[in-house]
Amino acid sequence: MRVLLISTYEMGHQPVHLASPAAALRAAGHDVACLDLSVQPWDPDAVAAADAIAFSVPMHTAMRLALRAAAQVRTLRPGVPVCFYGLYAPVSRDTTVGRLVDHVFAGEYEPALLAWAGGAGVQPTVQLGRGRGVFQVPARDLLPPLEHYAHLAIDGEERLVGCVEATHGCKHVCRHCPVPTVYGGAFRVVDEQVVAADIDQLVAAGARHITFADPDFLNGPSHAMRVVRTLHARHPGVTFDCTVKAEHILDHEDLWPELAAAGCLFVVCAIELVNDRLLALLDKGHTAAQAGAAVHLLRRHGIELRPSFLPFTPWTRVGDVADILDFVIVHDLIANVDPVQYSIRLLLPEGSLLLDRPELLPHLGPYDPERLTYTWTPADPATDALQAELAALAEAGATRGEPAGATFLAMNAAVRRAAGEPEPEAIPAGATDGRPRLTEPWFC
C-alpha cells in the first residue's frame with residue numbers, strides 16, 4: 001500500500017512522529033512517503049498518489065492545523081482512507097471520526113497504524129494504545145534535511161539539531177497536561193539501540209546537538225543515563241538538552257554532574273506558576289521554592305534551566321503574573337525564557353483531568369470544537385486583557401527578532417501597570433541573551 005504520512009507541526013523539529021512510523025510501515029512492506037507541512041508546501045500530487053493518508057497530531061497546534069489539511073484531503077480524495085494518530089488524535093473525535101477521518105490512534109499508535117495500513121478494520125474506530133510500540137530506527141531519509149528546522153544558538157553561532165525520543169508517555173498525572181489523558185500515568189521506553197542508531201544517523205546528517213523530546217527524560221533515570229552514556233561515548237562533541245520535572249531535578253541530584261560532563265546544556269522545566277495554591281490545583285508536584293532550588297542545583301553544574309510557564313488559568317490573578325516575572329528576575333532567568341511563555345493560557349481539551357476539579361466548575365463554559373478546548377472565564381477579569389496584551393507583545397518581539405530581554409522589559413511594564421505597580425526603568429543587571437537556546441520558541 002502507498003501510505004502518505006503528514007505532519008503539520010512538531011515544535012520546530014524534524015518530525016520523529018513521521019520518521020518512526022514511516023520506518024515501521026516500510027519494514028512491513030508498504031511504500032511510504034512523508035510530507036511536513038511546517039517546512040514543505042501542500043503537495044496535491046502526493047495526496048493523489050496515496051492509497052491511505054495518516055496525519056501526525058502530537059500536540060494542540062498540530063491537531064488544529066491537521067483539521068484544515070484533512071478537510072482538503074476529503075475534498076481532493078473523498079474516498080481515500082484517512083486517520084489521525086498521536087497524543088491529540090482522540091480530541092473532538094465526535095466531530096472528526098466519520099467526517100474528516102475514519103480512524104484515530106493515540107498512545108502507542110504504531111501497531112494500530114500497521115494494522116490499518118494492512119487493511120484491518122473498515123468501521124470508524126478510536127484506539128488508545130498503551131501497550132508496547134513497534135520500534136524501528138526512524139526513517140529520516142524520507143524527511144527534509146535538518147537545515148530546515150530549529151537550530152541551537154550558542155556562542156554566536158547556530159548549530160543543527162536532531163530530535164529524538166527515549167521514552168513515550170509519563171508516570172505523572174499533572175492535571176493540565178494532555179499526556180496522562182492518553183497514557184494514564186504510564187510510560188514506555190524506546191529500545192536503547194534504536195535511540196542510539198537514530199542519534200548516529202542524525203549526527204551523520206550534521207546534527208551537533210540533540211533534543212530529547214520525552215515528556216520527562218528522567219521518568220526512567222537508569223534508561224536515560226544509559227542513552228546519554230552511549231551518546232557521549234559515540235559522539236563526545238555533541239551536546240544535548242532534555243525536559244525534566246522540577247521534582248525530578250531535585251530527586252536525582254546525583255545524576256547532574258555526569259549529565260553536565262556528557263554535554264547537557266540546558267533543561268526545559270514546566271514551572272508553570274509560582275503560586276503554591278495554583279500549583280496544587282494543577283497537581284504539579286513541586287512548590288515555588290523547589291522550582292528555585294532546581295535552578296540553583298543545575299547552575300552549580302553549569303546547566304541552565306529554561307522554564308515553561310502557564311500564567312493564565314481560571315484562578316490566576318494579575319498579581320500571580322507579576323510574581324512569575326519577579327521569580328524570573330530574582331533567579332536571573334530573563335534570557336532563559338522565550339517571551340511567548342508569559343502569555344500562555346490554559347487549554348482544556350476533551351478528557352482533561354482538570355474537568356474533574358470542583359474548583360473549575362464556576363469558570364467552565366461550553367466546548368469550542370474550533371479551538372479544541374473548553375472555554376472558561378477567569379476569576380480576575382483583568383487577566384484576559386493582560387493575556388491579550390502580552391501575547392501581542394510576544395508576537396511583535398518575535399516578528400522584529402528582538403532579544404528576549406527587550407521583549408521582557410515591555411511585558412514587565414505591562415504587567416506592572418495592570419498590577420498598579422511602578423514601571424521599571426531597565427532590565428536588571430545580570431540578565432543577558434547569550435545563553436544556549438533553540439531558535440524555535442513555541443512549546444504548545
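The values are calculated or read from the model by the stated rules, or taken from the named source; none is laboratory data. Predicted model only: the values in this text are computed from it and were never measured. Neighbour counts are summed over all protein chains in view; Cβ atoms, including those assigned to glycine, are modelled from backbone coordinates with ideal geometry. Accessible surface is based on the protein model in full, side chains and every heavy atom, while ligands, DNA and RNA are left aside. Shrake-Rupley method; radii C 1.70, N 1.55, O 1.52, S 1.80 Å.
Expressed in nm to one decimal, what extension gain is obtained for the pair L355 and E421 from 0.36 nm per residue of sequence separation less their Cα-Cα distance? Stretched out fully, the L355 to E421 stretch lengthens by 20.3 nm. Working note: Karplus 6.51/-1.76/1.60 with θ = phi - 60° gives the range 328-336 the couplings 5, 5, 4, 9, 6, 10, 4, 6, 9 Hz, where Gly and Pro are set to x.
Counting only alpha carbon atoms, the long axis of helix 404-419 and the longest principal axis of the chain meet at about 60°.
Comparing R68, R400, R26 in a Gaussian network model of the chain (Cα springs below 10 Å), the most mobile by mean-square fluctuation is R400.
Between A413 and T95, the distance separating the two model label sites (each 7 Å from Cα on the Cα→Cβ line) works out to 4.0 nm. Since only P236, I249, G263 are under comparison, the one whose Cα sits farthest along the positive direction of the charge dipole of the range 218-272, derived from C-beta charges on Lys, Arg, Asp and Glu, is P236.
Along Cα→Cβ, 7 Å out, is where each label goes; now give me the distance between the ones at A46 and R68 in nm to one decimal. Distance between label points: 1.7 nm. Charges were assigned to the Cβ only: +1 to each Lys and Arg, -1 to each Asp and Glu. The resulting dipole of the range 315-410 about its Cα centre is roughly 80 debye. The GNM of the chain, with springs linking C-alpha atoms under 10 angstrom apart, assigns the highest mean-square fluctuation among P81, P358, P349 to P358. Summary of the geometry: the range 240-283 and the range 5-82, compared by the centres of their Cα atoms, lie 33 Å apart.
Once the 1.4 Å probe is applied to the protein heavy atoms, the range 198-258 comes out at 35 Å² accessible per residue.
Heavy-atom accessible surface of the range 293-444, averaged per residue, reaches 43 Å², computed with a 1.4 Å probe. Spin-label model, A385/D200: points 7 Å from Cα along the beta carbon direction are separated by 6.1 nm.
Taking the charge dipole of the range 319-444 about its Cα centre, with +1 at Lys and Arg Cβ atoms and -1 at Asp and Glu Cβ atoms, the residue from L393, T373, T439 reaching farthest to the positive side is T439.
Given a Förster radius of 51 Å and the C-beta distance between L364 and S222 as r, what FRET efficiency does 1/(1 + (r/R0)^6) yield to the nearest 0.05? Calculated value: 0.80. Shape summary of the chain, radius of gyration then Dmax from alpha carbon positions: 21.6, 66 Å.
When +1 charges are put on Lys and Arg Cβ atoms and -1 charges on Asp and Glu Cβ atoms, the dipole computed for the range 151-267 relative to its Cα centre reaches about 240 debye. Magnitude of the charge dipole for the chain, about its Cα centre and with charges confined to Cβ atoms of Lys, Arg (+1) and Asp, Glu (-1), is about 800 debye.
Solvent-accessible surface of the range 133-186, taken per residue with a 1.4 Å probe and all protein chains present: 36 Å².
Compute a Gaussian network model of the chain, connecting alpha carbons closer than 10 Å, and tell me which residue from D31, D216, D356 fluctuates the most. Among D31, D216, D356, the largest mean-square fluctuation in the Gaussian network model of the chain belongs to D356. Summed over qualifying helices (DSSP H, 4 residues or more, each -39500 (n - 2.57)) and divided by its residue number, the chain shows a 222 nm mean residue ellipticity of -10500 deg cm²/dmol. Computed over the alpha carbons of the range 215-345, Rg followed by Dmax gives 15.3, 49 Å.
3J(HN,Hα) along the range 359-371, derived from phi through the Karplus expression 6.51 cos²θ - 1.76 cosθ + 1.60 where θ = phi - 60°, amounts to 5, 7, 3, x, 10, 7, x, x, 6, 10, x, 6, 8 Hz, with x in place of Gly and Pro.
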